[in-house]
1. Any idea what the relative contact order of the chain is, in percent, if you count C-alpha pairs under 8 Å spaced at least 6 apart?
2. With a Förster radius of 25 Å, plug the Cβ-Cβ distance of Glu119 and Trp34 into 1/(1 + (r/R0)^6) and report the FRET value to the nearest 0.05.
3. Spelling out what I want: for every residue of segment 89-94, take phi, set θ = phi - 60°, compute 6.51 cos²θ - 1.76 cosθ + 1.60 (Karplus), and round to whole Hz; glycine and proline get x.
4. Return the carbon/sulfur percentage of the accessible area of segment 1-87, one whole number, probe 1.4 Å, all protein chains in place.
5. Given a 1.4 Å probe and every protein chain left where it sits, what share in percent of the accessible area of segment 115-160 is carbon and sulfur?
6. Restricting things to alpha carbons, tell me how big segment 11-160 is in terms of Rg and Dmax, in Å.
7. Taking the mean number of other Cβ atoms within 10 Å as a proxy for protection, how do you rank 108-121, 20-33 from highest to lowest?
8. So, for the chain, what is the accessible surface per residue at a probe of 1.4 Å, expressed in square angstrom?
Amino acid sequence: MVNVRNKHFQRQTPKVVGVYLGEKKPANFNEFLWPFVMELLDLLDDGIQFQGRKVSLKILNFVLDAKARCSCKCIKNINAYFGCDICLCEGDFIDGRMAYLETDADLRNDDDYRARIYEDYHLHESVLEMLPIDMINAFPLDYLHCLLLGVMKWILNFFR
């Protein structure tokens, strides 16, 4: 989805720019994302005509669910020992789940991400790294997977 934000334009409703539907996820996310990234780079360079004006674009963030975020960034899954997308905490496997218990772990940053400092975090290079974005902060955490699924399961088990 894309959302236009500009002081000269009335706030617009987000518009869908791409949807994937298939029996399984794409085998190679870089190959899947390549046309999107190439077109986006052109739009970032040239701008876009919108309501009779040339508008320059800036990427604020990518809103993806947890599994898609990991696949698109080519990083370890959220249930891996070093799967936290925000900090360098090593997870502990407790009762069949990965738990990140450290509260004072160092935070990840874009420079270290791009320099491949996080060996236990990267699977391989992502085509999204070609974009002028912060590869950590441009991907907000997924509310559903990070909070609701675990909490709701706990609450339902508690009431049962």
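The values are calculated or read from the model by the stated rules, or taken from the named source; none is laboratory data. The model shown is predicted, which means the values in this text are computed figures rather than measured ones. Don't worry about glycine lacking a Cβ; one is built from the backbone with ideal geometry, like all the others, and counts go over all protein chains shown. Accessible surface areas use protein heavy atoms only, side chains included; no ligands, DNA or RNA. Shrake-Rupley method; radii C 1.70, N 1.55, O 1.52, S 1.80 Å.
1. Numbers: 174 pairs, mean separation 33.1, N = 160.
It rounds to 21 percent for the chain.
2. Between Glu119 and Trp34 the formula returns 0.50.
3. Ordered by residue, 3J(HN,Hα) equals 5, 8, x, 10, 8, 10 Hz.
4. C and S atoms contribute 54 percent here.
5. 65 percent
6. 18.0, 59
7. Numbers: 108-121: 13.8, 20-33: 10.8.
Answer by packing, highest mean first, reads 108-121, 20-33.
8. Values: 11580 Å² over 160 residues.
Per residue, the chain has an accessible area of 72 Å².
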